[in-house]
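The values are calculated or read from the model by the stated rules, or taken from the named source; none is laboratory data. All of these numbers come straight from a predicted model, not from anything done at the bench. Positions of Cβ are backbone-derived with ideal geometry, glycine not excepted, and every protein chain shown enters the neighbour counts.
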Amino acid sequence: MLWHNVQQGGEEWNQLRCGKATASNFGCFMANDGKSFGDPAKRYALQIAIERIRGVKAEVGFTNDHTERGNEQEPIARAMYEDENFVNVTNGGFFDCGLFGDSPDGLVGDDGIIEIKSVIASTHYATLKRCSFDPAYRWQLAGHLDCTGRQWVDFVSYCSEFPEDKQLIVYRYERKDFADEIKRLRARRNEFLILVEDIMSELL
C-alpha cells in the first residue's frame, strides 16, 4: 500500500484512481456476496477494464442536490468534528493498493480515519434512531479499514437542519468490529478483480 498526499477531486487524484476498484464502490460487488455478480457489479467491472485499457478515468460522475450538499457542508462537519474531539483532521489523499484503493474523508492521528455524510433530516434521524451507520455504507467503511490499515473509523453524520447539539453524530468502529466484513470483502474483491481481467481479455 502506498499513500499519496493529493487533493481529492483533482486531476492527479483521478489519474491515481484510474483502473482501480475504489472503496466507495465496494458495495457494488458485495451486494450479492456468495452469489453471482449482479448487473451493477458487471457494469463497474467493465468500467474498470476500459479504464485500464485506455489509461483514462471514466466520466461517470454526476451532480445532484445530495452531492452538492456534501461538497458544501463537509468542511463544516469536519470543523465541528475537530472541535468536539480536540483533534486535527488531515488530508485523506489516496491509498493505492495496486488494483484497488481508497480515499477516506480524512486522517486522524496515526490510527484513525473519518467518513463524513452530510445528509437530509430524515436520513440523519434514522441514523440517530439506529445508533449506527446506514447499512448502505458497511462495505465502504470496511474498505477504509482494509485499504488504509488503520485501527478505527469514525462514521460522521451531519445535518444542519437539526438542533445545534444534534447536528453532528459520530459512531466509532474499531478494526476488530469489522473483522468478518474485511475477510469477506477481500475474498469477494479477488473474485471481482478476476472478472475485470476476464473482461479485459475479451476486449483486447
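What to note about this one:
- Of all residues in the range 90-111, those that are of a type in the set (D, E, K, R) have Cβ atoms under 7 Å from Cβ atoms of residues that are in a loop (DSSP other than H, G, I, E, B), 6 or more apart or on another chain, in Asp96/Met1; Asp105/Gly92; Asp111/Arg150; Asp111/Gln151.
- Failed criterion for Pro40 (all others in (1) under 20 Å from Cys97 (Cβ atoms); (2) surrounded by 14 or more Cβ atoms within 10 Å (Cβ to Cβ); (3) not aliphatic (A, V, I, L, M) hold): (1)
- Residues that are loosely packed, with under 12 Cβ neighbours inside 10 Å number at least 2 in the following helices (runs of 4 or more DSSP H) confined to the range 99-204: 121-130, 179-203.
- Condition met for Leu195 (within 24 Å of Asp110 (Cα to Cα) and hydrophobic (A, V, I, L, M, F, W, C)): no
- Restricting the range 88-98 to residues that are more than 29 Å from Arg52 (Cβ to Cβ) and either touching a Cys at 6+ places or on another chain (Cβ under 8 Å) or not hydroxyl-bearing (Ser, Thr, Tyr) (or both), the residue that is surrounded by the most Cβ atoms within 10 Å (Cβ to Cβ) is Val89.
- Unique match (being out of contact with any strand residue (DSSP E or B) (no Cβ under 9 Å at 6 or more places or on another chain) and in contact (Cβ under 8 Å) with a residue 60 or more places away in the chain) among Leu193, Leu185, Leu168: Leu185
- Among the residues making up the range 31-52, a single one is within 16 Å of the chain's Cα centre (by Cα) and over 13 Å from Leu195 (Cβ atoms): Ala31.
- Only one of Asp146, Asp165, Asp96, Asp134 that is closer than 27 Å to Phe37 by Cβ, of a type in the set (D, E, K, R) and at pLDDT below 95: Asp134
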